[in-house]
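FYI, it's all coordinate maths here, none of it is from the lab. Bear in mind that the values here come from a model prediction, so they are computed numbers and not experimental data. Neighbour counts are summed over all protein chains in view; Cβ atoms, including those assigned to glycine, are modelled from backbone coordinates with ideal geometry.
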Amino acid sequence: MKTAYFDNAATTPLDKRVFDEMRDYFFTDYGNASSLHSFGQKARFGVEKSREVIANIINAKESEIYFTSGGTESDNLAIKGTAFAYNNKGSHIITSSVEHPAVLNTCKFLEDIGFNVTYVPVDGYGMVNPSDVEKSITEKTILVSIMHANNEVGTINDIEEICKITRDKGVLFHSDAVQTFGKLPIDVNKFGVDLLTISGHKLYGPKGTGVLYVRKNVKMQSQIHGGSHERELRAGTENVPGIVGIGKAAEIKAEEMESDCKLLSELENYFRQKINESIDNVTLNGHNENRLPGFLNMSIGKTEGEIVLLSLDLEGVAISTGSACSSGSSEPSTVLDAMGLSPERIVSSIRITLGKQNTREEIDYALSVFPKVIERIRKLM
Ligand code: PLP
């Protein structure tokens with residue numbers, strides 16, 4: 001059976017060049033990066049090279065880059081790390097209603113132990129209005145955390161504008177850039193962010209790898225206690241092959257971002273046009289232009305997203321409904337709900353996210369089965 005994978009916002013395949021870079025760190029240069037002997041030094045070299053590459057890409061200093069186990073840990077560290085370090089100043093945090101669970105559930109945890117959290121709303125496209133952030137800031141606010149782009153609909157936030165506000169008010173700003181790194185240029189100084197989250201497996205890098213950028217002089221309380229790794233902020237023997245992998249993946253992404261994005265836009269336009277030609281009653285969710293390339297969140301009238309997903313899977317075509325984290329539970333998407341979509345549009349939504357490995361042939365294959373699947377489902381409903 002032919003297969004086609006269109007769930008690249010959930011995860012991406014490892015780039016072969018990333019694997020080639022990582023390989024030696026499993027088999028020959030496997031030392032502990034903290035060891036003083038030459039095995040350890042070789043591993044340390046790999047870690048520090050990766051730090052330098054990532055720092056250069058986002059215009060940060062090497063000392064501002066911390067390696068973690070992924071986007072989830074980076075979000076936890078950014079939010080809890082500053083919440084605890086600045087608790088003497090206040091206990092108020094601002095975030096948006098459409099953040100990834102790594103941010104939302106961290107905020108919920110902090111609420112349970114006495115912090116106050118304001119969840120600013122989004123508009124019908126899933127975008128945060130910077131003036132809502134401004135209005136929510138009080139003298140007790142210590143942190144604002146707003147994602148760069150949403151993982152369900154791909155809508156991009158104006159984080160530069162939000163940063164101007166937080167800077168003005170002397171409040172820290174964190175952004176989850178898991179979906180945007182490698183798709184949009186990121187310059188931490190141009191944006192003015194204090195903390196920024198990156199994840200390796202969304203960039204054709206290894207799973208279980210991440211970065212947290214922490215601006216110099218931002219106080220942080222460590223969330224994992226142990227040895228003095230990562231300048232005492234994140235204890236634990238470094239995942240050297242993984243760190244080398246995320247560095248190489250970031251380097252490739254930075255070099256090929258323009259051509260990758262051009263390809264994603266072309267494939268997305270082709271996919272969208274073909275769907276519109278062959279299936280009626282299809283509505284795009286999210287912004288028509290202010291959206292990441294390769295993101296198509298659509299409601300297909302008179303269907304159920306989960307049934308569409310499972311039926312397409314039987315034909316070898318992988319898509320998703322909402323975020324990967326919420327699939328498996330039949331909870332309706334809280335993101336689409338926060339955007340004010342009707343229950344019918346939410347329940348009939350699917351997410352197609354394209355990757356650089358996708359081809360027109362794969363799209364043609366998907367479109368050879370898609371209309372039949374929809375027709376069959378509609379007859380049953
Ligand atoms: N933040 C966003 C916006 C995401 O899309 C994801 C993953 O889906 C995460 C955080 C979590 O990253 P990780 O899977 O590396 O823990």
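Look at the dipole of region 286-381 built from charges on Cβ: of 334, 368, 353, the Cα furthest out on the positive end belongs to 368. If you plug the beta carbon distance of residue 30 and residue 56 into 1/(1 + (r/R0)^6) with R0 = 22 Å, you get a FRET efficiency near 0.25.
Only alpha carbons enter this Debye calculation for region 139-259, each as an equal point scatterer, and the log10 of I(q)/I(0) it gives at q = 0.22 Å⁻¹ is -1.34. Since only 271, 40, 100 are under comparison, the one whose Cα sits farthest along the positive direction of the charge dipole of the chain, derived from C-beta charges on Lys, Arg, Asp and Glu, is 40. Counting only the Cα atoms, the chain fills a convex hull of 135 Å³ per residue.
Taking the Cα atoms of region 191-308, the ratio Rg/Rh between the radius of gyration and the Kirkwood radius comes to 1.12.
In deg cm²/dmol, rounded to 500, what helix-only [θ] at 222 nm does the chain give when every DSSP H run of at least 4 residues adds -39500 (n - 2.57) and the total is split over its residues? Don't skip to the end; give the middle numbers.
Details: 12 runs with 161 residues, N = 381.
Computed mean residue ellipticity for the chain: -13500 deg cm²/dmol.
Please state the relative contact order of the chain as a whole percent: Cα pairs under 8 Å, 6+ residues apart? It would help to have the intermediate numbers written out before the result.
On the way: 751 pairs, mean separation 89.2, N = 381.
Here the relative contact order equals 23 percent.
Of the trypsin sites (Lys or Arg not before Pro) found in region 261-323, those in coil by DSSP whose Cβ has at most 14 other Cβ atoms within 10 Å are 302.
Tally the DSSP beta bridges in region 141-234 and give the antiparallel ones as a percent, rounded to 5.
Details: 6 of 14 bridges.
Of those bridges, close to 45 percent are antiparallel.
Spatial offset of region 55-110 relative to region 263-315 amounts to 32 Å, using the alpha carbon center of each.
Any idea what the dipole of region 76-230 comes to, in debye rounded to 20, about its Cα centre with Lys/Arg Cβ at +1 and Asp/Glu Cβ at -1? Write out the running numbers ahead of the final one.
On the way: 15 positive and 16 negative charges, 95 e Å.
Here the size comes out at about 460 debye.
For the chain, the share of DSSP beta bridges that are antiparallel, to the nearest 5, is 50%.
Summarising the overall dimensions of region 166-217 from its C-alpha atoms, the Rg and Dmax are 12.1, 38 angstrom.
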